[in-house]
Amino acid sequence: MNPTPASANHSQPTPVDLVVSGGVVLTLDAEDTVLPAGAVALGEGRVVEVGEAAAVRARYPDAPVLDATGSVVLPGLVNTHTHLAMSLLRGTADDVDLQGFLARVIPLEQRLLTTDNVAAGVLLALAESLRGGTTTALDMYWFHQAAAGVARRAGFRLLAGPTFMDVPDLPDGISDFGERLRLADAELAGREPDALGRPSVFAHSTYTLDEAQLRSVGALAREHGALLHVHAAENQTEVDTVLDRTGRRPVELLADLGLLGPDTVLAHAVWLTDTELDLVADSGASVAHCPVSNAKLAAGIARVPDLVARGVPVGLGTDGSACATGLNLFDVMRYGALLHSVHTGDPSAVGARSVLRMATAGGARALGLQDRLGSLEPGKLADLVVVRTDRPHTRPEHDPYSTVVYAATAADVRHTVVGGEVLVRDGHLVGIGDEEVDEAVARWGRHASSATG
Ligand SMILES: [Zn+2]
């Protein structure tokens, strides 16, 4: 981790430019420290100090204060699997399974996606994400440079990068796999470092790429020290398809190709045998658990308690809004905890503490960013959420973890701060404006009706 500004022996202490004060602070540090009346001091985009509100306020008397009374303060939520621009396709492929979903959505993407439309979709998605307390997302989609540009402008932490999927008529028109690899290689080589320092490469799945292609994408990711993100074992039909084609199940195949490792994030990982669970655990790979998407597409229920028991880093993902309908990690936390209770018959299988950790520190660990994100500790990036807990549906507050997971909703997010910048204040977007989002969606609507009508 970077040196702790408040505790390092620097002659110049880090200036504090914001103190978030007055709420219950859930730090999500290794000890699960809770400060009942806490404050978080932020400066130069990082957490400078976390402590009792009175003491922190007294130490930085001139710093502006962001009020968190009647609220819970959490680290920013981390969405470990999504397709942000698919928000524009919300409602176009409901009540179908994964294969039905792909059959409907891929032709729409081929017809409708452009750089401008992806930018519009990402703007809409970031408005929803930030309002719901999400500050970081791993985003697999076409025209990723347009997405990254919007995220930079909005102040959101987006892990985006080249995507590989070998199906006809790709939306970006780069049909030659070798050319796509060359372009990706050049882009990654010239990439400007950012605060996360984590390039990403996206291999869609073991059913849309053949073995040689998967090997090439894995080699590309390794060469550039990139995170490799891949859909794997989402539903039974996918497993059967890959078995028929290769003689191996998706995760076995990834292991055989050398694609499982500490830099690999598997999306879904629902249908895993005991052997595959061990392969994932032994390799150090992570899982992005998407219970709402898995339920909506009737994909199945991931073996999350077994993954956690083996020490596999598990984060939470929304998946895209075309299949999961929203980008709301509060829904994912609550639904995930309930789903595993009913599935295992054990209400503590994935409890409130465990699922909130998946949405924060666990997600950061899944992305290999645990030294920068996921908890409120000095030196970490200044990403946090203030959630109101003084409304009828959240009162009284006996256990702040339970309140956040079981009672609060995304609509209770009061402030969202990324890198020390307040991007949602009192429930209103500050960085990107509502009008801008409205215009982007209206522009998309005109484009879609002219392209399909
Ligand atoms: Zn997905």
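The values are calculated or read from the model by the stated rules, or taken from the named source; none is laboratory data. Keep in mind it's a predicted model, so treat the numbers as computed, not measured. FYI the Cβ positions are ideal-geometry reconstructions off the backbone, even for glycines, and counts take in every protein chain you see. These accessible areas exclude ligands, DNA and RNA; they are computed on the full protein's heavy atoms, side chains included. Shrake-Rupley method; radii C 1.70, N 1.55, O 1.52, S 1.80 Å.
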So, with points 7 Å from each Cα along the Cβ direction, the residue 29-residue 348 label distance in nm works out to 2.6
What angle, in degrees between 0 and 90 and rounded to the nearest 10, separates the Cα long axis of helix 329-344 from the longest principal axis of the Cα atoms of the chain?
70
Expressed as a rounded percentage, what relative contact order does the chain have, with Cα pairs under 8 Å and six or more residues apart?
21
Quick check: net charge around residue 268, other residues with Cβ under 10 Å of its Cβ, Lys/Arg +1 and Asp/Glu -1?
-3
Distance between the C-alpha centers of the range 279-336 and the range 174-216? Whole Å please.
24
Just to confirm the number: angle between the C-alpha axis of helix 144-154 and the first principal axis of the chain, 0 to 90 degrees, nearest 10?
10
Hey, any idea what % of the chain's accessible area is carbon plus sulfur with a 1.4 Å probe?
50
Residues residue 195 and residue 12, FRET efficiency given R0 of 30 Å [Cβ-Cβ distance, rounded to 0.05]:
0.90
Computed over the range 77-366, protein heavy atoms only, probe 1.4 angstrom, the accessible area per residue in square angstrom equals 34
Efficiency by 1/(1 + (r/R0)^6): what FRET value for residue 185 and residue 256, r their Cβ-Cβ distance, R0 = 35 Å, to the nearest 0.05?
0.90
Ignoring everything except DSSP H segments at least 4 long, calculate the 222 nm mean residue ellipticity for the chain; use -39,500 (n - 2.57) per segment, divide by total residues, nearest 500.
-11000 deg cm²/dmol
Taking only the alpha-carbon positions of the chain as identical scatterers, the Debye log10 I(q)/I(0) at q = 0.10, 0.14 Å⁻¹ comes out as -0.68, -1.34
Along the Cα→Cβ direction, 7 angstrom out, place labels at residue 390 and residue 341. What is the inter-label distance in nm?
2.8
Label-reachable residues, the range 282-309, where backbone N falls under 17 Å from a point 7 Å from residue 236's Cα toward its Cβ
294-303
Per-residue accessible area, 1.4 Å probe, largest first, puts 321, 354 in the order 354, 321
